[in-house]
Amino acid sequence: MRLLAPVIIILSTAILTAQPYEASVAQNENWNGWEAIIAENGIITTSTVPAIGARVMQYDLGQHSSIFHNHSMDGDIFEPAFNNSWYNFGGFKNWPSPQYGSGRWGWPPPPTLDYGEYTSEIINSCDDSVVIRFTGPVEQYRTPDLQFIREMTLYQNSSRVKMKQILINHAASSQNWGIWDITQAITNHIGKNDYEYFWIYFPINPQSVFGPDGVTTQRSSAAWVGEVASGIYGTQFVPGAEKLFADPHNGWICYVDERDGVAYAKTFPVFEESSYPDDEARVAVYMAANYVEVEVMGPVEDIPANEGKIDFTINWWAAKVNGPILNVNNVCAVNHFLSLSDESITGNYGVFYTGKAKTVFLDEAGAILGEGQEWDVTPLDNFSYSESVSFPANTARIELRIYKLGGELIGILDSADISDLTNIQSQAYCKISTFKLSQNYPNPFNPSTQIEVDLKDSGPVQLIVYDITGRIVRILSEGFQYSGKHRFIWNGDDLKGQGVPAGIYLCRLNFTDQLNKNHTMIRKMQLIR
């Protein structure tokens, strides 16, 4: 294996206090028993192990970890062979897709591509980025003549890591494949089984091939919560072995640790006219016993013979922010869109860059009429935006922009037409400031289960159990509740006190806060008999 010589590449990086971060890429002689390529910029740290298929075993925001690492296999290296072995090191990896259908390779994955020995080299370094190339061996077994190359780019002043995946066909005839990205993510905090804090969000395609829910699943599961905000699907980790497939029309998916308020997002291109694996799925979520897989699929393409290539590029992002995630763009993850209340503009964002943010007021032609105050922003802190403003005359639109520390525009965090601004409502779902509906416990349950509601404000509360057809089964609360924690018990009975059959039921919380805003929260519950 050709490894990087011990070398440090320094990127000049300014932070909000004008103190430089030192970003580096280097070989580490002993990282959990392996030699690994470590890349860091003071905001994020990645560790990639060439000896086991160039798995990315670490993508941390500051001291917060996101990637599941199977420590029972630390330091292990295996020679690829055509057998039924599969070595679950954890981390991020690539496989050819589809797994089923045309070109099926079955299980386990192609061993040479999955855990064969890759080489690595720095192929470019400049003022704002470093590119590391990982080149795999040519597969001999389950997908013969295929080879992977990954070009990983680390940027300064950002949590961004660009992953360009290249799949090469060395055969004498064309082959039909796609590129499949899989990240195994953490689902509990150290020493705890607090799975309820770990969520995944993605947009629901209104034209989904999977119907109005926008998803299809292998089996029912309490993990598949459903639409948690307008147009946003939420899954909450539940230990098991179930998988969900979706075809979002906007190319993003976001994994969130709700306790620590940290979001990890992937953005990727969507090719509407192309065919995708797994019945047109573009993303998938797999719930394992102690980790969750966040999967992104590229389209299935014809790869020409004799070193023909296809590629698929995704971007990784991280920032401090809670869910639900309502949108992800190339500068931030949105938890609360811009809204106007009592002459103050508010919003909540996880920003992917270190820089300055400010509101810009525009007329109908797009000319700048005025600007708001500047705000220091960084991926390491949640940007909870609130500013009292007076709109300049003829303001038609506002934009919340982010700039580099030197003043260059990076992009737009959020924007709104003035005519729409007063109609924008907060769509926050879990761990918002006003209320929280915890997952019922136990779940599945028999004969009874406990449901906890945590109110930061006092106000009217409805807590209602429905069956999957939408019929009201039981009303647990309907009236005013004071702030604080409230516990409710459902004994699996209906409005008449009679027992209901086993199955999936929905617990819906409706709450009106002190600003007279209505909020809704739903949990799935499973009754067994």
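Would you check which residues across the stretch 511-529 are surrounded by 17 or more Cβ atoms within 10 Å (Cβ to Cβ) and touching a Ser or Thr at 6+ places or on another chain (Cβ under 9 Å) and list them?
Correct list: 511, 513, 519, 523, 524, 525, 526, 527.
May I ask you to verify whether residue 419 is of a type outside the set (Phe, Trp, Tyr) and either outside any helix (DSSP H, G or I) or modelled with pLDDT of 90 or more (or both)?
Answer is no for this residue.
Applying the selection to the stretch 149-199, what residues are on the phi > 0 side of the Ramachandran plot and out of contact with any strand residue (DSSP E or B) (no Cβ under 8 Å at 6 or more places or on another chain)? Quick ask: steps written out before the conclusion?
Looking only at the stretch 149-199, we keep the residues that are on the phi > 0 side of the Ramachandran plot, and these are 157, 191.
Hit for the stretch 149-199 is 191, nothing else.
Which one is surrounded by the fewest Cβ atoms within 10 Å (Cβ to Cβ), of the residues in the stretch 288-317 that are assigned to a strand (DSSP E or B) and among the polar types (S, T, N, Q)?
Looking at residues that are assigned to a strand (DSSP E or B) and among the polar types (S, T, N, Q), I get 313.
What about residue 290, is it under 30 Å from residue 207 (Cα atoms), touching a residue at least 12 places away in the same chain (Cβ under 8 Å) and of a type outside the set (A, V, I, L, M, F, W, C)?
Values: under 30 Å from residue 207 (Cα atoms): no; touching a residue at least 12 places away in the same chain (Cβ under 8 Å): yes; of a type outside the set (A, V, I, L, M, F, W, C): yes.
Judged against the criteria, residue 290 is not a match.
Scan the stretch 145-176 for residues that are among the aromatic types (Phe, Trp, Tyr) and at pLDDT below 95 and jot them down.
Looking only at the stretch 145-176, we keep the residues that are among the aromatic types (Phe, Trp, Tyr), and these are 148, 155.
Within the stretch 145-176, 155 is the sole residue that qualifies.
Condition check ((1) aliphatic (A, V, I, L, M); (2) touching a residue at least 40 places away in the same chain (Cβ under 8 Å)) across all residues:
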position: 327; (1), (2): no, yes
position: 331; (1), (2): yes, yes
position: 336; (1), (2): no, yes
position: 351; (1), (2): yes, yes
position: 370; (1), (2): no, no
position: 381; (1), (2): no, yes
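Would you mind finding the one in 444, 460 that is in contact (Cβ under 8 Å) with a residue 40 or more places away in the chain, in contact with a Leu (Cβ under 9 Å, 6 or more places away or on another chain) and surrounded by fewer than 17 Cβ atoms within 10 Å (Cβ to Cβ)?
None of the other options fit; the residue is 444.
Take the residues in the stretch 463-510 that are basic (Lys, Arg) and over 19 Å from residue 445 (Cα atoms), then tell me which one is surrounded by the fewest Cβ atoms within 10 Å (Cβ to Cβ).
Filtering first and then ranking leaves 496.
Residues checked against (1) closer than 20 Å to residue 144 by Cβ; (2) at pLDDT 95 or above:
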{"position": "1", "(1), (2)": "no, no"}
{"position": "16", "(1), (2)": "no, no"}
{"position": "41", "(1), (2)": "no, no"}
{"position": "84", "(1), (2)": "yes, no"}
{"position": "91", "(1), (2)": "no, yes"}
{"position": "95", "(1), (2)": "yes, yes"}
{"position": "114", "(1), (2)": "yes, yes"}
{"position": "119", "(1), (2)": "no, yes"}
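Please tell me if residue 239 is farther than 19 Å from residue 436 by Cα, in contact with a His (Cβ under 7 Å, 6 or more places away or on another chain) and not hydrophobic (A, V, I, L, M, F, W, C).
For residue 239, the condition - farther than 19 Å from residue 436 by Cα, in contact with a His (Cβ under 7 Å, 6 or more places away or on another chain) and not hydrophobic (A, V, I, L, M, F, W, C) - is not met.
Can you tell me which residue within the stretch 43-54, out of those that are in contact (Cβ under 8 Å) with a residue 40 or more places away in the chain and assigned to a strand (DSSP E or B), is surrounded by the fewest Cβ atoms within 10 Å (Cβ to Cβ)?
Among those residues, the one meeting the criterion is 46.
Go through 248, 277, 269 for me and flag whichever is modelled with pLDDT of 95 or more, more than 21 Å from residue 525 (Cα to Cα) and touching a Pro at 6+ places or on another chain (Cβ under 7 Å).
Criteria check complete, one pass: 248.
Of the conditions (1) closer than 30 Å to residue 263 by Cα; (2) in a strand (DSSP E or B); (3) touching a residue at least 40 places away in the same chain (Cβ under 8 Å), residue 114 satisfies every one except a single condition; which number is it?
(2)
Just to be sure, is residue 340 under 28 Å from residue 259 (Cα atoms), at pLDDT 95 or above and either in a loop (DSSP other than H, G, I, E, B) or not assigned by TED's automatic domain parsing to the domain that holds residue 295 (or both)?
Answer is no for this residue.
Given the options 140, 207, 165, name the one that is in the same structural domain as residue 256 (by TED's automatic domain parsing), more than 30 Å from residue 526 (Cβ to Cβ) and touching a Phe, Trp or Tyr at 6+ places or on another chain (Cβ under 7 Å).
It is 165.
Listed here are the residues, each with its yes/no results for (1) part of a loop (DSSP other than H, G, I, E, B); (2) without any contact (Cβ under 8 Å) to a residue 60 or more places away in the chain; (3) within 16 Å of the chain's Cα centre (by Cα).
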site: 150; (1), (2), (3): no, no, no
site: 153; (1), (2), (3): no, yes, no
site: 164; (1), (2), (3): no, no, no
site: 167; (1), (2), (3): no, no, no
site: 176; (1), (2), (3): no, no, no
site: 179; (1), (2), (3): no, no, no
site: 188; (1), (2), (3): yes, no, yes
site: 191; (1), (2), (3): yes, yes, no
site: 202; (1), (2), (3): no, no, yes
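Matching residues to (1) at pLDDT 95 or above; (2) buried (at least 18 other Cβ atoms within 10 Å of the Cβ); (3) over 24 Å from the mean Cα position of the chain (by Cα); (4) over 23 Å from residue 128 (Cβ atoms):
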{"site": "366", "(1), (2), (3), (4)": "no, no, yes, yes"}
{"site": "373", "(1), (2), (3), (4)": "no, no, yes, yes"}
{"site": "378", "(1), (2), (3), (4)": "yes, yes, no, no"}
{"site": "388", "(1), (2), (3), (4)": "no, no, yes, yes"}
{"site": "402", "(1), (2), (3), (4)": "yes, yes, no, no"}
{"site": "408", "(1), (2), (3), (4)": "no, no, yes, no"}
{"site": "412", "(1), (2), (3), (4)": "yes, no, no, no"}
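The values are calculated or read from the model by the stated rules, or taken from the named source; none is laboratory data. Bear in mind that the values here come from a model prediction, so they are computed numbers and not experimental data. Every residue, glycine as well, gets a Cβ built from its backbone with ideal geometry; the counts of neighbours run over all protein chains shown.
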